[in-house]
Amino acid sequence: MNSLDVVGPQLAVLVAAGLVLLLDSLVPQQRRLLPVVALLGLIVSALWTTSWVGRGDYQFLFDGTLALDKYSVFFYYVFAGITATVVLASIDWVNREGRGQGEYYALVLTVCSGLMFLAASRDLITIFLALELSSIPQYILAGWGKDSKSSEAGLKYLLLGAIASSLLLYGMALIYGITGTTLLPEIAAAIKADGETYRGLLIVATILLIAGFGFKMAVVPFQMWVPDVYQGAPTPVAAFLSVGSKAAAFAVVIRIFFEGLDADFLSDDWSMIFAVLAAASMTLGNVMAIVQTDIKRMLGYSSVAQAGNFMIGLAAISVAGNEFTLGASAILLFVAAYAFTNLGAFVGVIAISQRIGSDQIKDYAGMWKRSPVLALAVAFCLISLTGIPPTVGFWAKLYIFNAGIRADLVWLVLIGVLNSVVAGYYYLSVARQMFMGDAEEDKKFRASPSITMALGAATIGVIVFGIIPMPLMSAAQDAAEIFAR
Amino acid sequence: MSVGIEHFLTVGALLFCLGLAIALSKRNAIGVLMGVELMLNAVNLTLITFSRFAVSERPITGQAFAVFIITVAAAEAAVALALAVSVYRNRETVDVDQLNLLRS
């Protein structure tokens, strides 16, 4: 019974998924209640998490395969928030689409529970199961739309995702063979004891793991699916993919590499790999984003570049052996900041494309005159993505660059700063279009209430935490403390 | 000559590479999926080998892992075939080279 209490946050979400399905088939005339039930489930989950924070009784369960600690609690909040925003942003689209409403919300909630399990798991089998629990519904969601673009996006996402998880599994099998266990702390102990004899094999396994998770994080060279899937998938789903699965992949990678593969002879190697991938992702993502004309493809490439920024934190952790937690807390802060910012940008895109029926950047011209509040909110999110104060994105970038410098990765931080300038060019050119450009028609419009709520929550987060970042920073530092040596 | 751990592992590695080559070179979506299945089975073989030969406190872990992989692979294949059918209805092809609607 106690175990059920510990996985309560995930269970609440899964029960809500079941209820949504039941309600959809038993009371079909009350379909508009479905998102309400989904949101209630997420609220219960967040409250349950809060009760664990209050009890402060952190523990491991199921033979140590799942952890309820400050780190997983941080991500429970992040994922509940992300999913709630996505549900709010989906309502209009789902109503218009008409079919399978219950299934849509149930799948979104299932993804959320998978992401939560992923942040909590510390065993290779559990990690694999949680990853697939979050991935398989995402494949379905990406192919949810009626048009052929959507099903094409779903199939592409699934095929590449299946190849990536096979690579990941082979890496896990090698680690199991070398250490004889799948539990991360036991892996760490076994590697520190006599792992040095298998160094070559361990590096191969590490590369396979990075390849598998790199796909989910959308870093170069595993980024080719990103623009296609973001463009083809329904926009709320693309928003979900861009923040949810990226955040979860970083959550689990931090756990695997800091808890399982943190042996000194190994960590120098993987931190170098992460540094190179970070530089490549930032550069390629930003350069490709400049030439895009479709805003969803642009946001896709920009999310590749942002994944590079995240990775500076991964590279920084291991090099700075004495400040082990700085890189981790930088990533956590970046995850939270990115969740607010990118969701805000995507919800803005949903609101605008609903009204003007286009995703082309040139059609955004003169948005300031047609819907001032919407244009202002999207502009703030774009400013935050660039990393200009007073937005939360500025603090996240500052913090992660600071972690890089403390870890002697000055060259990487320089590349990062140069890339921020490039990123500023294309983010702000969208903002310039909206404020300076001339609209072809000047019919005013407003976003629907649910979208206004989602966009408002995201933008207020961006601005409030941009002015007073301390609560978010101390939460990230608290959560990263579990990795202190 | 007796059959030892190295033989099993070599077969596993070869199968994995073959599967990866198939998955990356096939143009038919179903063919890619078959390559992926081959990779997953190579992983299963490797896991079972390790749990049979390696010194471990709980040798059952590798076998349990393999059972989970088989189950998840079945779920993934079901979704993959459903998506392939949906693409085929729209486009009358599942050739991945022809799936090129998504361009800037």
Filtering the range A:214-228 down to residues that are in contact with a Leu (Cβ under 7 Å, 6 or more places away or on another chain) and within 14 Å of another protein chain (Cβ to nearest Cβ), which residue is surrounded by the fewest Cβ atoms within 10 Å (Cβ to Cβ)?
A:TRP225
Regarding A:ILE482, is this residue among the β-branched types (Val, Ile, Thr), surrounded by 17 or more Cβ atoms within 10 Å (Cβ to Cβ) and in contact with a Lys or Arg (Cβ under 7 Å, 6 or more places away or on another chain)?
yes
Name the single residue, out of those in the range A:55-87 being touching a strand residue (DSSP E or B) at 6+ places or on another chain (Cβ under 9 Å) and hydrophobic (A, V, I, L, M, F, W, C), that is surrounded by the most Cβ atoms within 10 Å (Cβ to Cβ).
A:ALA67
Conditions (1) modelled with pLDDT of 90 or more; (2) on the phi > 0 side of the Ramachandran plot: number failed by A:VAL347:
(2)
Counting only residues that are among the hydroxyl-bearing types (Ser, Thr, Tyr), in a helix (DSSP H, G or I) and closer than 15 Å to A:LEU124 by Cβ, how many does the range B:7-66 have?
3
Which one of the conditions (1) under 30 Å from A:ALA142 (Cβ atoms); (2) more than 15 Å from the chain's Cα centre (by Cα); (3) more than 7 Å from chain A (Cβ to nearest Cβ) does B:ASN44 fail to meet, given that it meets all the rest?
(2)
For the range A:57-87, the count of residues that are under 15 Å from A:ALA479 (Cα atoms), within 12 Å of the chain's Cα centre (by Cα) and β-branched (Val, Ile, Thr) equals 1
Tell me, which residue of the range A:165-182 that is more than 7 Å from every other protein chain (Cβ to nearest Cβ) and modelled with pLDDT of 90 or more is surrounded by the most Cβ atoms within 10 Å (Cβ to Cβ)?
A:ILE175
Among A:ALA211, A:ALA251, A:ALA239, A:ALA189, the single one that is touching a Ser or Thr at 6+ places or on another chain (Cβ under 9 Å), among the small types (Gly, Ala, Ser) and surrounded by fewer than 22 Cβ atoms within 10 Å (Cβ to Cβ) is A:ALA189
Restricted to the range A:88-114 and to residues being in a helix (DSSP H, G or I) and within 14 Å of chain B (Cβ to nearest Cβ), the residue surrounded by the fewest Cβ atoms within 10 Å (Cβ to Cβ) is A:GLU103
Across the range B:18-34, the tally of residues that are more than 8 Å from chain A (Cβ to nearest Cβ), under 29 Å from B:ALA54 (Cβ atoms) and surrounded by 14 or more Cβ atoms within 10 Å (Cβ to Cβ) stands at 2
Applying the selection to the range B:68-93, what residues are more than 8 Å from chain A (Cβ to nearest Cβ), surrounded by 13 or more Cβ atoms within 10 Å (Cβ to Cβ) and either farther than 13 Å from A:LEU158 by Cβ or in contact with a Phe, Trp or Tyr (Cβ under 7 Å, 6 or more places away or on another chain) (or both)?
B:TYR88, B:THR93
I'm trying to understand the selection: among the residues of the range A:23-54, which are loosely packed, with under 13 Cβ neighbours inside 10 Å and over 24 Å from A:ALA120 (Cβ atoms)?
A:SER25, A:LEU26, A:VAL27, A:PRO28, A:GLN29, A:GLN30, A:ARG32
Looking at the range A:194-208, which of the residues that are under 16 Å from A:SER267 (Cβ atoms) and over 32 Å from the mean Cα position of the chain (by Cα) is surrounded by the fewest Cβ atoms within 10 Å (Cβ to Cβ)?
A:GLU196
Of the residues B:ALA82, B:ALA13, which single one is modelled with pLDDT of 90 or more and within 30 Å of A:THR65 (Cα to Cα)?
B:ALA13
Tell me which residues, restricted to the range A:173-193, are under 23 Å from A:PHE483 (Cα atoms), assigned to a helix (DSSP H, G or I) and within 29 Å of the chain's Cα centre (by Cα).
A:ILE175, A:TYR176, A:LEU184, A:PRO185, A:GLU186, A:ILE187, A:ALA188
Can you list the helices (runs of 4 or more DSSP H) found entirely within the range A:1-82 that contain at least 2 residues being at pLDDT below 90, within 22 Å of A:VAL347 (Cβ to Cβ) and among the acidic types (Asp, Glu)?
none
Go through the range A:380-431 and give me each residue that's buried (at least 24 other Cβ atoms within 10 Å of the Cβ) and in contact with an Asp or Glu (Cβ under 7 Å, 6 or more places away or on another chain).
none
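Residue by residue, here is whether (1) of a type in the set (A, V, I, L, M, F, W, C); (2) more than 7 Å from chain B (Cβ to nearest Cβ) holds:
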site: A:ILE125; (1), (2): yes, no
site: A:SER134; (1), (2): no, yes
site: A:GLN138; (1), (2): no, yes
site: A:LEU141; (1), (2): yes, yes
site: A:SER151; (1), (2): no, no
site: A:LEU155; (1), (2): yes, no
Can you give me the number of residues within the range A:115-139 that are within 26 Å of B:ALA82 (Cα to Cα) and not in a helix (DSSP H, G or I)?
0
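The values are calculated or read from the model by the stated rules, or taken from the named source; none is laboratory data. Since we're looking at a predicted model, the values are computed, not measured. Methodologically, a virtual Cβ is constructed for each residue, glycine included, from the backbone with ideal geometry; neighbour enumeration extends over all protein chains shown.
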